[in-house]
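Chemist: Before I ask anything, here is the structure I am working with.
Values in this text are rule-based calculations from the coordinates and carry no lab data. Keep in mind that what you see is a predicted model, and the values were worked out from it rather than measured. Every residue, glycine among them, receives a Cβ derived from its backbone with ideal geometry; neighbour counts consider all protein chains shown.
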Amino acid sequence: MNTPLPHSPAADRNKGPILDGLQRLLPVGAQVLEIASGTGQHAEHCLAASRRGGWGWVWQPSEATAAGLPPLQARLADLPGARTPVLLDVRQPDWPRPGAGHAAGWNAVFAANLLHISPWACTGALMRGAAQALRPGGCLVVYGPFLVEGQATAPSNQAFDIDLRARDAAWGLRHLSDVQAEAQTAGLLFEAMHDMPAHNRLLVFRRPAG
Ligand SMILES: C[S@@+](CC[C@H](N)C(=O)[O-])C[C@H]1O[C@@H](n2cnc3c(N)ncnc32)[C@H](O)[C@@H]1O
C-alpha cells in the first residue's frame, strides 16, 4: 500500500485564492520559484490550472529539509511544468536559477506561510534572496497572516500569534511595516496588499525594472 502524501487542510482552503492572485500577476510562460513548498499543494493546484489554461508556467518547488523533498517529488512528478524539488533554506546565499534561456532570473518568487513559522532573520533573507534571484520587473509574492498597523487582523490571528510564540519564541506574526522595511532595504518595491480569506494577506513586492 502506498504511504499517503502529507496533506494540509489549510492549503486546500487557501490554494484557490492564492492561484487567483498569482494569475493576475504572472505572464504566460512564467518561471516561478516557490520557497517552503511544504506539501506541494500550491504547486500542484497552480500547475494543474496552468495546464488547463495553457499558461505554460514552470514551477520550481523547494524545501528547507531533505526529508521534505521526496513527498514533493511524489505529488508533482506527473505535472507538466514541475521541476525537480530542490533543497533551499532562505538563509543560504546561493538560490537556484531558472534554466537556460532565462538567465535574467525568475518571473516570480512565491512563499506562503513561511514568515511567521521561521525566525525573523528569514524575512530579511527572503527579501535579499528574492531581490537577487528575480529578473528585473519580477515579483515576490508572500502569503500569510500579518500584523497590520500594529494589530492582528482578527482575534483568531491574535490567538495564533500567542500560540506560535509559545511553541517557539523565534516565531510569530510579523508586522507588515517591518516586512516592508526589510524589502525596501533589499531593493524591492512594495506594490500591493490584497485581503485574503481567513484574515490573511497577499503581499506583492517588485524588483525594479530598470
Ligand atoms: C506552515 S508550512 C507552509 C507550507 C506551504 N508553503 C503552505 O503554505 O502550505 C511552513 C514551511 O516553511 C518551511 N521553512 C521553515 N523554515 C524555512 C527556511 N529557513 N527556509 C525555507 N523554508 C523554511 C518549513 O519546512 C515548512 O514547509
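Chemist: Please list, in order along region 42-52, the HN-Hα scalar couplings obtained from phi with the Karplus expression 6.51 cos²θ - 1.76 cosθ + 1.60 (θ = phi - 60°), rounded to whole Hz, x for Gly and Pro.
Modeler: Result, ordered by residue: 5, 4, 4, 5, 5, 6, 5, 5, 4, 5, 5 Hz.
Chemist: Counting other Cβ atoms within 10 Å, keep those with at most 16, restrict to DSSP loop, and tell me which GluC sites (Glu not before Pro) in region 94-195 are left.
Modeler: GLU149
Chemist: As I understand it, the dipole of the chain uses +1 on the Cβ of Lys and Arg and -1 on the Cβ of Asp and Glu, about the Cα centre. Which of GLY150, PHE205, THR3 lies farthest toward its positive end?
Modeler: PHE205
Chemist: GLU191's amide H: which non-local residues (gap 5+, or another chain) put their own amide H closer than 5 Å, with H modeled 1.01 Å from N in plane and none for Pro or chain starts?
Modeler: Here the answer is VAL204, PHE205, ARG206, since their amide H atoms fall under 5 Å of that of GLU191.
Chemist: Here's a follow-up. May I ask for the net charge around PRO155, where only other residues with Cβ less than 13 Å from the Cβ of PRO155 are counted and Lys, Arg are +1 while Asp, Glu are -1?
Modeler: Overall, the nearby charge balance is -2.
Chemist: Note down, for the chain, the three equivalent ellipsoid semi-axes (square root of 5 times each alpha carbon gyration tensor eigenvalue), biggest first, whole angstrom.
Modeler: 25, 21, 17
Chemist: Evaluate the relative contact order of region 97-210 (contact order divided by residue number), counting alpha-carbon pairs under 8 angstrom at least 6 apart; express in whole percent.
Modeler: After rounding, I find 32 percent.
Chemist: What is the chain's relative contact order, in percent, from Cα pairs under 8 angstrom and six or more apart in sequence?
Modeler: Across the chain, relative contact order equals 18 percent.
Chemist: Next question. What distance in nm lies between label points placed 7 Å from Cα along the C-beta direction at PHE190 and ALA48?
Modeler: 3.5
Chemist: What does the charge dipole of region 77-169 about its Cα centre add up to, to the nearest 20 debye, if the Cβ of each Lys and Arg holds +1 and the Cβ of each Asp and Glu holds -1?
Modeler: The dipole magnitude comes to about 300 debye.
Chemist: Take ALA10, project a point 7 Å from its Cα along the Cβ direction, then tell me which residues of region 103-135 have their backbone nitrogen under 12 Å from it.
Modeler: Within reach of a label on ALA10: 112-118.
Chemist: Rounded to whole Å and sorted largest first, list the principal axis extents of the Cα atoms in region 64-115.
Modeler: 30, 28, 18
Chemist: Among GLN92, TRP171, GLY124, which residue has its Cα furthest toward the positive end of the charge dipole of region 47-172, with +1 on Lys/Arg Cβ and -1 on Asp/Glu Cβ?
Modeler: The residue sitting farthest along the positive end of the dipole is GLN92.
Chemist: With the cut-off at 17 Å, report for region 1-106 the share of all Cα pairs above it, as a whole percent.
Modeler: When every Cα pair of region 1-106 is considered, 53 percent fall beyond 17 Å.
Chemist: If you add up the charges near LEU189, with Lys and Arg at +1 and Asp and Glu at -1, over every other residue whose beta carbon is less than 12 angstrom from its beta carbon, what do you get?
Modeler: That sum, taken over residues with Cβ under 12 Å, equals +1.
Chemist: Next question. Grab the DSSP H runs of the chain that are 4 residues or longer, score each as -39,500 (n - 2.57), total them, divide by all residues and round the 222 nm result to the nearest 500 deg cm²/dmol.
Modeler: Rounded to the nearest 500, the figure is -11000 deg cm²/dmol.
Chemist: Please get the size of the charge dipole for region 1-121, origin at its Cα centre, with Cβ charges of +1 on Lys and Arg and -1 on Asp and Glu, quoted in debye to the nearest 20.
Modeler: Here region 1-121 has a charge dipole of around 220 debye.
Chemist: On to the next question. Rounded to whole Hz and in sequence order, give me ³J(HN,Hα) for region 124-131 from the Karplus expression 6.51 cos²θ - 1.76 cosθ + 1.60, θ = phi - 60°, writing x for Gly and Pro.
Modeler: x, 5, 4, 5, 5, x, 5, 4
Chemist: To the nearest 20 Debye, how big is the dipole of the chain about its Cα centre, given +1 on the beta carbon of each Lys and Arg and -1 on that of each Asp and Glu?
Modeler: Roughly 440 debye, rounded to the nearest 20.
Chemist: Springs between alpha-carbon atoms under 10 Å, Gaussian network over the chain: tell me which of HIS194, HIS45, HIS116 tops the mean-square fluctuations.
Modeler: Maximum fluctuation in the GNM of the chain, among the listed residues, is at HIS194.
Chemist: Distance between Cα centroids, region 90-129 to region 132-150: provide it in whole Å.
Modeler: 10
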